[in-house]
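The values are calculated or read from the model by the stated rules, or taken from the named source; none is laboratory data. This is a predicted model, so every value here is computed, not measured. When we count neighbours, we look across all protein chains shown, and the Cβ atoms used for this are built from the backbone with ideal geometry, even at glycine.
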Amino acid sequence: MSEIHNLAEGRRVAIRAYTPADAEEFTTRARESRELHSPWLFPPTDARTYAAYAGRLIDDPTKAGFLVCERGDGGPAGGIAGFININNIVIGAFRCGALGYGAFAHAAGRGLMAEGLDLVLRYAFGPLGLHRLEANIQPGNEGSLALVRRAGFRLEGFSPDFLLIDGAWRDHERWAVTAEMVGGKP
């Protein structure tokens, strides 16, 4: 098995890329977290769907996927606490991407995703060279809204019938943050 490389490390978490070897832990955590995630998101819960999901994040240059992993005693990344993905990455003059994320139930409410999001923002506005990240969130998803507020995102608008989720078109609030807002490069 190849060595896992952390892309960034904080006090309690590290972020790293998805690997095929993460399938069992990721899908187990996703199954354990169904109640927490419903009706907002539906991460893969079996090896086949994980392989397709992770493969897109690994192979598609318009996507970047990050696992938020707990650190043990300042050492290497441990168990997966959640995930943060940047989708629809556009470079050139736009330099923007759309965030999607979720905590797993065992890690929810512990501040691990806030620390992980901070690391992802710094990575996105640093090595990835992005200028802006957007998060589209259903109005009733209080946990997700609290996460972006804490991270310094600003509310930019409301999009009715924005995304097809669980068989229905759902309204979303549009939140965004730029490199300048988090002290990154313009």
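Can you go through GLY152, GLY109, GLY129, GLY140 and tell me which one is surrounded by fewer than 18 Cβ atoms within 10 Å (Cβ to Cβ), touching a helix residue (DSSP H, G or I) at 6+ places or on another chain (Cβ under 6 Å) and in a loop (DSSP other than H, G, I, E, B)? Spell out the reasoning first.
Details: GLY109 fails: touching a helix residue (DSSP H, G or I) at 6+ places or on another chain (Cβ under 6 Å); GLY129 fails: touching a helix residue (DSSP H, G or I) at 6+ places or on another chain (Cβ under 6 Å); GLY140 fails: touching a helix residue (DSSP H, G or I) at 6+ places or on another chain (Cβ under 6 Å).
Going through GLY152, GLY109, GLY129, GLY140 in turn, just one is surrounded by fewer than 18 Cβ atoms within 10 Å (Cβ to Cβ), touching a helix residue (DSSP H, G or I) at 6+ places or on another chain (Cβ under 6 Å) and in a loop (DSSP other than H, G, I, E, B): GLY152.
Residue-wise test of (1) assigned to a loop (DSSP other than H, G, I, E, B); (2) under 24 Å from GLY126 (Cβ atoms).
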position	(1), (2)
LEU36	no, no
PRO44	yes, no
GLY82	no, yes
GLY92	yes, yes
TYR101	no, yes
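Check segment 156-177 and report whether any residue there is modelled with pLDDT of 95 or more, among the acidic types (Asp, Glu) and part of a helix (DSSP H, G or I).
Checked segment 156-177: no residue is modelled with pLDDT of 95 or more, among the acidic types (Asp, Glu) and part of a helix (DSSP H, G or I).
Identify, from the list PHE26, PHE66, the residue that is hydrophobic (A, V, I, L, M, F, W, C), part of a helix (DSSP H, G or I) and touching a helix residue (DSSP H, G or I) at 6+ places or on another chain (Cβ under 7 Å). Can you show your working first?
Working: PHE66 fails: part of a helix (DSSP H, G or I).
Of the residues listed, the single one that is hydrophobic (A, V, I, L, M, F, W, C), part of a helix (DSSP H, G or I) and touching a helix residue (DSSP H, G or I) at 6+ places or on another chain (Cβ under 7 Å) is PHE26.
Just wondering, is there one or more residues in segment 48-55 that are surrounded by 17 or more Cβ atoms within 10 Å (Cβ to Cβ), closer than 23 Å to THR178 by Cα and not hydrophobic (A, V, I, L, M, F, W, C)?
First, pick out the residues of segment 48-55 that are surrounded by 17 or more Cβ atoms within 10 Å (Cβ to Cβ): 50, 53-54.
The next check asks that each one be closer than 23 Å to THR178 by Cα; those that pass are none.
Taking every residue of segment 48-55 in turn, none turns out to be surrounded by 17 or more Cβ atoms within 10 Å (Cβ to Cβ), closer than 23 Å to THR178 by Cα and not hydrophobic (A, V, I, L, M, F, W, C).
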